[in-house]
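A short worksheet on the structure shown next.
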Amino acid sequence: MIEKALKGGRGYWTWVACLLMVIGLGVTAFARQMTIGLGVTGMGRDISWGVYIAQFTFLVGVAASAVMLVLPYYLHNQKAFSKIVIVGEFLAVSAALMCMLFILADMGRPDRVLNVMLYPSPHSMVFWDVMVLNGYLLLNLISGWAVLGAERKGVAPAPWVKALIYISIPWAFSIHTVTAFLFAGLPGRHLWLTAVLAPRFLASAFAAGTAILILLTFILKKVAKFDAGQEPRLKLAVLSSYAGLANLFFLGTEFFTAFYSNIPAHKHSLQYLFFGLEGHAPLVPFMWFSLITGIISVGVLLSPPLRRKNGALIAACIGIVVSIWIDKGMGLVFGGFVPTPLEAIVDYMPTATEISVTLGIWAIGLLVLTILLKTAIAVKTQK
Amino acid sequence: MNQNRREFLKKAGLGALAGLGAAAGLFPAFALEQTDMSNFSDKPVPGKVRWGMLIDTRKCLGNCKECIVRCHHDHNVPDFGQSKSEVKWIWKSGYENAFPTASTQFQNPEVLERQVLTLCNHCTEPPCTKACPTEATFKRWDGIVSIDYHRCIGCRFCMAACPYGSRSFNWEDPRPHIRELSNTYPTRMRGVVEKCNFCSERLVKGELPACVDSCPEKALAFGDLNDPNSEIRKLLAANETMQRKPELGTLPSVFYII
């Protein structure tokens, strides 16, 4: 079936070539990082996680959001999603793959990664995260591929595929819950030490992930003449708007708890992110841009006449993705380290090497997604 | 696999082992280091010992850095000359940095200006060992939180989990940055986490930790916190002491007299 990804027009191959070039850049940068060490990144003793872990966190959410198509389609028989369920599953596969690559890129000794399996440590959330992420990737790849293969032959999928799909639904919630637990169980990191982190992760994931799915349907319509139709897009827009609303609500509760209780340690990270702390305010413009864009985008998606206009829908989806990417892919991870356990305020700035590796991993994910979707659409449009 | 080949490999392997053994005998320098069993004869009962330290901040004054210099020398701690990649096992922090939740209002200004020695607390409930996905960092039978540098994957979860900033990561190869190589403790490689080990390599020889040993003011006391008759327990009973961030429930084994 994969051979279908080898047949494409000029535009397709240009896109693949561009991705390969970015991957080449990333590999070169990674080689430098492997030679010199993680010292080539902007990370340091105080801000010991940076862009890599932040991208990982954001992308786990994107992976989990496939459930926003799988759940209504398989549990509630929402036929409108029949054409694009596979898009969600394959997006989950590529996002989960990127997550693992980002973890690998962040490791000091990637050559020892199998130690996680050799010395299983159930008390460590990383152990569980590795388990659920790998499982989720396999569940989506196998079930998506099997359903597609059956469709190609014009038969119904084998019964075991249904079982895998049903398992993947709670599994999607588990991957992002465990990812939140990576952060939420650490004493002394007050931005993360909050019970609302896991629900907020899920809300922001479902908002940004479904927005990405909507954008993907527009891209596929334009470049592959594959139209999922207006109905599933609008349904996804409604899902995204409510998830986005929940995310904003959770953020509001964080502000209330921190500032009404007036406990300094609870306020510090939020102050650093949104107002600046002791003269350090590198993320303030980003966070306000994220907040305002998020509010406007959710507003547009909530309004039926606005979301029916394709232009407004696309703009709102881009807005929600950018907003949540800044919030989760930057603020949450960097801000959690400030102030440090010894009350120092240290700013973090990613280096060119770090950004190149990041772009390379995104390009690998996009390439895998391109190949998988190319195959899927070739099968779906073969008649 | 061919039977003859298997036989050959077996014999070759045995031969190589015998050769190595003979070489070790002939050249003592090649032999694996002998374990001095007498070091373990007074081994404390597992689970009953909890090593602890008491730092008298009243005596630890000025710019004295004897303990830091000695520790960092003995443990081959590299000096990168900048704070981003810094590796440190023991260092001085401002009073308010070391005790951010302690009361500072109307506090004696002399106390607020004190520089406090900070190091790994060897917590009884260590958040770092819980976060480690490979058991590379673990709590020993004597309460020391230790690291296996050969198992650490460099994920830095323990660093995020430590509420005291006690852990350092080797962002680059540390070996070229060691000022004067010491043969008292192994060097580390790039990409692993390290921190104070309460001088477990000295304790096993019956010696006090290097920092305690080198302090000219005798400001540091060291001993078994689980032994009610130990010197450290008597000092703890006789003085008003503090632990860092006690509200987190980590139960640090490093105490401070203010």
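Read-outs: derived from the displayed coordinates by stated rules, not from any lab. Remember, predicted model here, so these are calculated numbers, not experimental data. Methodologically, a virtual Cβ is constructed for each residue, glycine included, from the backbone with ideal geometry; neighbour enumeration extends over all protein chains shown.
Hey, what do the phi angles of region B:149-155 turn into as Karplus ³J(HN,Hα) couplings, whole Hz, using 6.51/-1.76/1.60 and θ = phi - 60°, x for Gly and Pro?
Result, ordered by residue: 5, 8, 10, 4, 9, x, 7 Hz.
Using only alpha carbon positions, build the gyration tensor of the protein assembly as shown, then give the equivalent ellipsoid semi-axes as the square roots of 5 times its eigenvalues, largest first, whole angstrom. If you can, show how the numbers build up before the last one.
Values: eigenvalues 499, 220, 85 Å².
Equivalent ellipsoid of the protein assembly as shown: 50, 33, 21 Å, largest first.
For the protein assembly as shown, build the charge dipole from Cβ charges (+1 Lys, Arg; -1 Asp, Glu) around the Cα centre, then report which of A:LEU101, A:GLY252, B:HIS122 sits farthest towards its positive end.
Positive-most Cα among the choices belongs to A:LEU101.
Calculate, for A:ILE318 and B:HIS177, the FRET efficiency according to 1/(1 + (r/R0)^6) with r their C-beta to C-beta distance and R0 60 Å; round to the nearest 0.05. Mind dumping the intermediate values first?
Details: r = 46 Å, r/R0 = 0.77.
Once rounded, the FRET efficiency stands at 0.85.
Run the paramagnetic zone check for A:ASP111: 7 angstrom along Cα to Cβ, then residues of region B:148-187 with backbone nitrogen under 20 Å.
B:148-156, B:169-177, B:186-187
Ordered by residue, what ³J(HN,Hα) values in Hz, to whole numbers, does region A:48-60 give under the Karplus form 6.51 cos²θ - 1.76 cosθ + 1.60, where θ = phi - 60° and Gly and Pro are x?
Each residue of region A:48-60 in turn: 8, 10, x, 4, 4, 5, 5, 5, 4, 4, 5, 6, 4 Hz.
May I ask you to sort B:SER93, A:SER65, A:SER303, B:SER168 by Cβ crowding, counting other Cβ atoms within 10 Å and putting the fewest first?
Details: B:SER93 19, A:SER65 31, A:SER303 14, B:SER168 23.
Ranking B:SER93, A:SER65, A:SER303, B:SER168 by Cβ neighbours within 10 Å, fewest first, gives A:SER303, B:SER93, B:SER168, A:SER65.
In which sequence would A:ARG233, B:ARG6 go, from the one with the fewest C-beta neighbours within 10 Å to the one with the most?
Details: A:ARG233 24, B:ARG6 10.
Ascending number of Cβ neighbours within 10 Å: B:ARG6, A:ARG233.
Specify, per residue and in Å³, the volume enclosed by the convex hull of the alpha carbon atoms belonging to region A:212-360. If you can, show how the numbers build up before the last one.
On the way: hull volume 18.4 nm³, N = 149.
Here the figure is 123 Å³ per residue.
According to the square roots a ≥ b ≥ c of the eigenvalues of the Cα gyration tensor, what is the shape class of region A:322-383, taking rounded for a/c under 1.5, prolate for a/b larger than b/c otherwise, and oblate for the remainder?
Values: a/c = 5.35, a/b = 2.85, b/c = 1.88.
Taking the square roots of the gyration eigenvalues as a ≥ b ≥ c, region A:322-383 is prolate.
Just counting partner chain Cβ atoms within 10 Å, what average do the residues of peptide A:125-134 show around their Cβ?
Neighbouring Cβ atoms belonging to other protein chains average 2 per residue here.
Equivalent ellipsoid semi-axes for region A:202-258, as square roots of 5 times the alpha carbon gyration tensor eigenvalues: give them largest first, rounded to whole Å. The partial results should precede the final answer.
Working: eigenvalues 183, 19, 6 Å².
Its equivalent ellipsoid spans semi-axes of 30, 10, 6 Å.
Can you give the extra length, in nm with one decimal, that the chain gains between A:GLU278 and A:ASP347 once fully stretched, where that is 0.36 nm per residue apart less the Cα-Cα distance? The partial results should precede the final answer.
On the way: separation 69, 0.36 × 69 = 24.84 nm, distance 1.18 nm.
Computed gain between A:GLU278 and A:ASP347 is 23.7 nm.
Jot down the radius of gyration and Dmax of chain A, Cα atoms only, both in angstrom.
20.8, 65
What is the set of long-range amide H partners of B:GLY223 at a cut-off below 5 Å, with H atoms built 1.01 Å from backbone N?
B:GLY52
Scan around B:SER182 for amide H atoms under 5 Å from its own, H built in the peptide plane at 1.01 Å from N, and keep only partners 5 or more places away or cross-chain.
Here the answer is B:ASN76, since their amide H atoms fall under 5 Å of that of B:SER182.
Quick one: if the Förster radius is 35 Å, what FRET efficiency do B:SER230 and B:THR184 give, using the C-beta to C-beta distance and rounding to 0.05?
Details: r = 26 Å, r/R0 = 0.73.
In this case the efficiency is close to 0.85.
In what sequence do A:TRP325, A:TRP288 fall when counting other Cβ within 10 Å, fewest first?
Ordered from fewest to most neighbouring Cβ atoms within 10 Å, A:TRP325, A:TRP288 come out as A:TRP288, A:TRP325.
5 Å is the cut-off here: which amide hydrogens, built 1.01 Å from N in the peptide plane, fall below it relative to B:PHE255, excluding neighbours closer than 5 in sequence?
B:MET53, B:LEU54, B:ILE55
Could you work out, residue by residue across A:35-46, how many beta carbons of other chains sit within 10 Å of that residue's beta carbon, and then give the average as an integer? Display every interim value, and only then the final one.
Working: counts 0, 4, 11, 9, 9, 2, 2, 1, 5, 7, 14, 5.
Mean partner-chain Cβ count within 10 Å for A:35-46: 6.
So how tilted is helix A:125-153 from the main axis of chain A? Cα-based, degrees 0 to 90, rounded to 10.
With rounding to tens, the tilt is 10 degrees.
Work out the FRET efficiency for B:GLU240 and A:PHE255 from their Cβ-Cβ distance, taking R0 = 35 Å, and round it to the nearest 0.05.
On the way: r = 39 Å, r/R0 = 1.10.
Calculated value: 0.35.
Quick one: pull the percentage of alpha-carbon pairs in region A:122-206 with a separation above 21 Å. All intermediate terms of the calculation are to be shown ahead of the outcome.
Values: 1538 of 3570 pairs.
Of all Cα-Cα distances in region A:122-206, 43 percent exceed 21 Å.
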